[in-house]
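Novice: After the structure tokens below, expect a handful of questions from me.
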Amino acid sequence: MEKIRVGLIGCGGRMGGHMSSSFDHMEDVQVVAVADPIEERRVAAAARYGVRRAYRDHSELFAHESRETLDALFIAIEPTAHKGVEEAAVEKGIPFLVEKPMTLDPEQGRRIARAVAEKNLVTAVGFQDRYLDLMEIVKAEVDSAPKGGLVYGAWIGGIPGPWWWQKKSTCGGQLLEQNVHLMDGLRWLYGEAISVYATASRGMVTPGVDGVSPEYDTDDHSTVVIRFDNNVTATLVSGCYVRGSRPFCGLAISLKDRVLEYHLRNNLVIRTPAETRDIPRRVDQTARLDRAFIDAVRAGDPAAVRSPYADGLKSLELCFAANQSMESGQAVILR
Ligand SMILES: NC(=O)c1ccc[n+]([C@@H]2O[C@H](COP(=O)([O-])OP(=O)(O)OC[C@H]3O[C@@H](n4cnc5c(N)ncnc54)[C@H](O)[C@@H]3O)[C@@H](O)[C@H]2O)c1
């Protein structure tokens, strides 16, 4: 079997995850080109795969590479760096997997989605949780249960390391940057939302103190209420002010006859009057995500991934609507 030749744009933290979960082990994949403005990162990535084609950024990569030299691209760059990256991949007809959030500009996202559709290009967004065995069980439980109920979702912790994370203008806010994973999970479980209402608070985290950037200006916490069809209402909370012990993170779903407690990427507890089952995670969801994308590239089948670009954009758009509600104080009616 011929190897799928892969190029990497961005060699930071998340690409490291794709490397250790996937590229280090996939026998039918060969990393052939890498790009990152940070020299030590691109040099380290190039050395890891014995690659000579190491570029300073995406522009240099696209100046030298084409569909003849690359079968697929993985893109993991900061949210504000998506300046012509996916557009160039589409123009050259190179399938790509891009990390969320793929843009902070809804209009750019829509333009890219249209261009991807016109070319029928294979794409994927890094919504790894759709490939979790635990979320597959949650989905099967929800699909087979009587419709309706309350859902509580939470992603509460500290402030992640990258410089761009601490400013709302460069990360989009914790909801869009991080909790978009659970937002995407809600869409996967319940379909498209009817409305969102959101609030946000600041003032608990002090810029310039305890290792926090002096430029920190993102929300310390936010709460979104999302209405779905079939009498489902979800409350999704995000917080980045917590140090030390971490509160519950994941989804707590109250069905009529059972409770599902999905503990973020760790385990799933299912409680019924008769029994309590505690199911541990058994898969590496990033490896499964990357495998699905590579298989889709090989098959030339855009539908063979769980989160193609256009679908991933819908999860972003729900977060954009929530951000709008945080600003205006008004609910956003989506349909
Ligand atoms: N799916 C997930 O679970 C998951 C997990 C972590 C991060 N992410 C997402 O992945 C993205 C990257 O996050 P990260 O933690 O790796 O950030 P990071 O800051 O560690 O790495 C980003 C890298 O991109 C490089 N870069 C920027 N512009 C570039 C360009 N034009 N061409 C080539 N390289 C460029 C930077 O120099 C940097 O090394 C973010 O959008 C983040 O939200 C997703």
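The values are calculated or read from the model by the stated rules, or taken from the named source; none is laboratory data. Note that this is a predicted model, so its numbers are computed, not measured. Here Cβ is always computed from backbone atoms with ideal geometry, including for glycine, and neighbour counts include all displayed protein chains.
Novice: Which of the numbered conditions does LEU61 fail, given that it passes all the others? Conditions: (1) in contact with a strand residue (DSSP E or B) (Cβ under 8 Å, 6 or more places away or on another chain); (2) assigned to a helix (DSSP H, G or I); (3) free of Cβ contacts under 8 Å to residues at least 24 places away in the same chain.
Specialist: Single failed check for LEU61: (3).
Novice: State whether the residues of region 152-161 include one that is part of a helix (DSSP H, G or I), under 19 Å from LEU316 (Cβ atoms) and not assigned by TED's automatic domain parsing to the domain that holds GLU78.
Specialist: No, region 152-161 has no match at all.
Novice: Tell me, which residue of region 51-65 that is over 13 Å from ILE75 (Cα atoms) and aliphatic (A, V, I, L, M) is farthest from the ligand (Cβ to nearest atom)?
Specialist: For region 51-65, the residue satisfying everything is VAL51.
Novice: Quick check on region 254-275. Is at least one of its residues closer than 14 Å to GLY158 by Cα, assigned by TED's automatic domain parsing to the domain that holds ALA322 and either at pLDDT below 95 or among the basic types (Lys, Arg) (or both)?
Specialist: No, there is no match, as no residue in region 254-275 is closer than 14 Å to GLY158 by Cα, assigned by TED's automatic domain parsing to the domain that holds ALA322 and either at pLDDT below 95 or among the basic types (Lys, Arg) (or both).
Novice: I'm trying to understand the selection: among the residues of region 189-212, which are among the small types (Gly, Ala, Ser), loosely packed, with under 14 Cβ neighbours inside 10 Å and part of a loop (DSSP other than H, G, I, E, B)?
Specialist: GLY191, GLY203, GLY208, GLY211, listed by residue number.
Novice: Moving on to the next point. Return the pair list, or none, for Cβ contacts closer than 8 Å from residues in region 179-208 that are free of Cβ contacts under 8 Å to residues at least 24 places away in the same chain to residues that are in a strand (DSSP E or B) and not small (Gly, Ala, Ser), at least 6 apart or on different chains.
Specialist: Filtered contacts from region 179-208: SER201/HIS221.
Novice: Restricting attention to region 139-181, which residues are more than 15 Å from the chain's Cα centre (by Cα) and among the acidic types (Asp, Glu)?
Specialist: Scanning region 139-181 gives GLU141, ASP143.
Novice: Continuing with the same structure: For region 126-151, what are the residues that are of a type outside the set (Gly, Ala, Ser), in a loop (DSSP other than H, G, I, E, B) and either touching a strand residue (DSSP E or B) at 6+ places or on another chain (Cβ under 6 Å) or closer than 30 Å to ALA76 by Cβ (or both)?
Specialist: Passing the criteria: PHE127, LEU132.
Novice: Exactly one condition in (1) crowded, with 17+ Cβ neighbours inside 10 Å; (2) near the ligand (Cβ under 10 Å from one of its atoms); (3) hydrophobic (A, V, I, L, M, F, W, C) is not met by MET26; state its number.
Specialist: (2)
Novice: Name, by its number, the condition in (1) more than 21 Å from GLY16 (Cβ to Cβ); (2) in contact with a helix residue (DSSP H, G or I) (Cβ under 8 Å, 6 or more places away or on another chain); (3) of a type outside the set (Val, Ile, Thr) that does not hold for ALA140.
Specialist: Condition not satisfied by ALA140: (2).
Novice: Among all residue pairs at least 6 apart or on different chains, which show Cβ distances below 7 Å where the first residue, located in region 145-164, is over 20 Å from LEU182 (Cβ atoms) and modelled with pLDDT of 95 or more and the second is charged (D, E, K, R) and within 13 Å of the ligand (Cβ to nearest atom)?
Specialist: Partner pairs satisfying both residue conditions: TRP164/GLU78.
Novice: Keeping to region 260-294, report how many residues are within 17 Å of the chain's Cα centre (by Cα) and in a helix (DSSP H, G or I).
Specialist: Within region 260-294, residues that are within 17 Å of the chain's Cα centre (by Cα) and in a helix (DSSP H, G or I) number 9.
Novice: Identify all residues within region 34-50 that are of a type in the set (Asp, Glu) and either in contact (Cβ under 8 Å) with a residue 60 or more places away in the chain or more than 8 Å from the ligand (Cβ to nearest atom) (or both); write none if there are none.
Specialist: Once the filter is applied, which keeps residues that are of a type in the set (Asp, Glu) and either in contact (Cβ under 8 Å) with a residue 60 or more places away in the chain or more than 8 Å from the ligand (Cβ to nearest atom) (or both), region 34-50 yields GLU39, GLU40.
Novice: Quick one: count up the residues across region 123-138 that are crowded, with 21+ Cβ neighbours inside 10 Å and either more than 18 Å from the chain's Cα centre (by Cα) or without any contact (Cβ under 8 Å) to a residue 40 or more places away in the chain (or both).
Specialist: 1
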